[in-house]
Amino acid sequence: MKQGARLILKPQQFFNQLQWSTHHWLILLTFLVVTGVEAHLGSQSALYRWLSSSLSSNTGINSDITLWFVVCFKLAIIAVASYLSAFFIWIIGSLIGERNSQRVLFRRLAIVFTVVLSAYTAQHLKHLYPWMETVSFFLYTWGLLLGYFAIREQFNLTHFETSVVGVFAIILVIASWMGTNRLMIEAANRYQSELAKVNSIKTPRLQIKR
C-alpha cells in the first residue's frame, strides 16, 4: 500500500527504490494480467472473430478453441514486443548514460508498460462507457510521466537526454504494439487469399481500419 501511494505521489523516489525490490515477479505478473485483459477485449473485434471462424471451418476445430489460439497469439506477440522494446531501450540508454542493471530496467518498464497498456485497453471500452476515454487519457499521461522518471533514474540522465531516450521509447512501443494489429490483419488477408485460391473463388480482401 505504501509503495503504491509512493508511485502516485513520489514516482521519482519510487523508481529509485525499485532497484532493491524483491517483488519483481509481482510486477511482471501484473503486466501479464493486463496483457491478458487487453487480448481478451480484443477478441471481440471483427478481425479476431473472422480469423477464429476461418480457422474453425478449415480445421474442423471448435470456434471457441480457435478463438483461444488467436487471442494467445496476440498475447504472445505483445509480450515479446514489450521485451524487445525494453531491451532496445536499455541499449540506447546505456550508450547515452550510465550502464546499469538490465533486470532493474525491466522492472521499471514493466510498471510503465502496465499503465500504458491499461490506457490502450480502456480504449476498447469507450463505446460502452464514454468516461473510459477520460480514464485512458489520464493513464496515457501518467504513463508518460512514469516512463520519464523510470528512464532518468535508470541511466542517470539529464532532462534533455531523458527526453531523447523517451521519444525513442515512445516510437518503439507504439510501433511494436500497434504492429501486432497489423500482423493480424496481414495474416488474415494472406489466409483469406489462400482460401480463395483453394476454392477457386474470388473473395474480396478483408478491410479493417487500423
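The values are calculated or read from the model by the stated rules, or taken from the named source; none is laboratory data. All figures in this text were calculated on a predicted structure; none of them were measured in a lab. In this analysis, Cβ positions are derived from the backbone assuming ideal geometry, glycine residues included, and neighbour counts consider all displayed protein chains.
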request  = Among the residues of segment 120-138, count how many are hydrophobic (A, V, I, L, M, F, W, C) and modelled with pLDDT under 85.
outcome  = 3
key: Identity of the residue in segment 60-72, buried (at least 16 other Cβ atoms within 10 Å of the Cβ) and touching a residue at least 24 places away in the same chain (Cβ under 8 Å), that ends up nearest to Ala150 (Cα to Cα)   = Val71
query = Of (1) farther than 25 Å from Lys74 by Cα; (2) of a type outside the set (Phe, Trp, Tyr); (3) surrounded by 14 or more Cβ atoms within 10 Å (Cβ to Cβ), Leu172 satisfies all except one. Which?
reply = (1)
Filtered residue count, segment 144-164, keeping only those that are under 18 Å from the mean Cα position of the chain (by Cα), free of Cβ contacts under 8 Å to residues at least 40 places away in the same chain and surrounded by fewer than 22 Cβ atoms within 10 Å (Cβ to Cβ) = 2
ask   = Is there a residue being more than 19 Å from Val34 (Cβ to Cβ) and over 17 Å from the mean Cα position of the chain (by Cα) anywhere in segment 112-126?
value = no
query = Can you name the number of the only condition in (1) closer than 30 Å to Lys197 by Cα; (2) modelled with pLDDT of 75 or more that Val34 fails?
reply = (1)
request  = Provide a single number: the residues in segment 77-111 that are charged (D, E, K, R) and either at positive phi or surrounded by fewer than 20 Cβ atoms within 10 Å (Cβ to Cβ) (or both).
outcome  = 3
